[in-house]
Structures are given as structure tokens and as C-alpha cells.
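Each reported figure results from applying straightforward, stated rules to the coordinates on display, with no laboratory input. Predicted model, so just to flag it, every value in this text is computed and none were measured. Don't worry about glycine lacking a Cβ; one is built from the backbone with ideal geometry, like all the others, and counts go over all protein chains shown.
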Amino acid sequence: MRVVVQRVSSASVTIGGAVKSAIGQGLLVLLGVGPADEQADMDYLVKKVAGLRIFDDENGVMNRSVVEVGGEVLVVSQFTLMASTKKGNRPSYIGAAGHELAVPMYEAFCAALSAAIGRPVGTGEFGAEMAVALVNDGPVTICMDSKNKE
């Protein structure tokens, strides 16, 4: 399981011309699910995202989590995070989980992250053509993979 976490001033997901979710200060999380991902991968990344200290404290040091600053979170499914570019210039997506695994994992990740931060998490729509807009704050962008914990 992979995530790209971006600290944002604002972010939104629009589907078919209608805004599905929008947040103010907080985190935009792009989530990719692989075929070998399981509960432990999700638990690991939920804990890391909720506790990621990338917001400034009173001294201007990145030392606070999204929970500590009262920030919001928007999670968007993105199978392209699982792309392989080892061969040629056209990415291969065989490393992405199929819908039967990816949809429940995405939904469970969103529910678990919501519980971890103590507030609802905004979502996109799995498999939909989405327009994601964001104002990256910093910019701060962190990539994490549950298979690379060291």
C-alpha cells in the first residue's frame, strides 16, 4: 500500500462538475492499493498518516500532526501510485489491486483514518474520473509505502 501525503491549505475533488469533497487546512492523501496488501499494511499507514508531524508549531518547526492542528483530511484512491516504470516508457499497472480488493481496502482505510483523527475524512469516488485541486502548503509532500518500513 502506498500513500502520497500532501500538506495543503485547501483541497477538493470534483466529479462530473460537482464537488464531492472539499477541505481546508490539512492533508490530501493519495492512496494506492496493491494485490498483496492486507490489514497490517493499512494499519501501519493509517497510524503514520494520522501521526505525521508536518505542521508547524509555535516556533515554526514541523512538529505537529493533523490531529494537533485540528486539520482536515481528504483521501483519494489512485491506482497509478502502484505503476511500474521499469520497462519502457508506458507504465504497467499490474502492481495495482483489482476492484474486489482495492475498493474495500480504500473504504476501510478511510474509516480507520477517520477514527484515528477523530473527525470525518473527505473522499473521492473509487474508479471515477476525478478532478483533484489542491493548494500545496510549503510545499510539503511525503511518500510512504507499507512494504518499505525500514
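Numbers for the structure displayed
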read-out: Point-charge dipole on Cβ atoms (K/R +1, D/E -1) for region 2-145, about Cα centre, debye to 20; value: 360
read-out: Cα-based reach from Lys47 at 16 Å (exclusive), listing lysines while leaving out same-chain residues under 8 positions away; value: Lys147, Lys149
read-out: Cα→Cβ-extended label distance, 7 Å offset, between Ala40 and Ala111, nm; value: 2.2
read-out: Rh (Kirkwood; distinct C-alpha pairs) - the chain, Å; value: 15.7
read-out: Residue among Gly70, Met144, Thr85 farthest towards the positive dipole end of region 2-145, charges placed on Cβ; value: Thr85
read-out: Fully extended contour minus Cα-Cα distance, from Val69 to His99, at 0.36 nm per residue; value: 7.4 nm
read-out: Estimated [θ] at 222 nm from DSSP helical runs (n ≥ 4, -39500 (n - 2.57)) normalised by residues in the chain, nearest 500; value: -7000 deg cm²/dmol
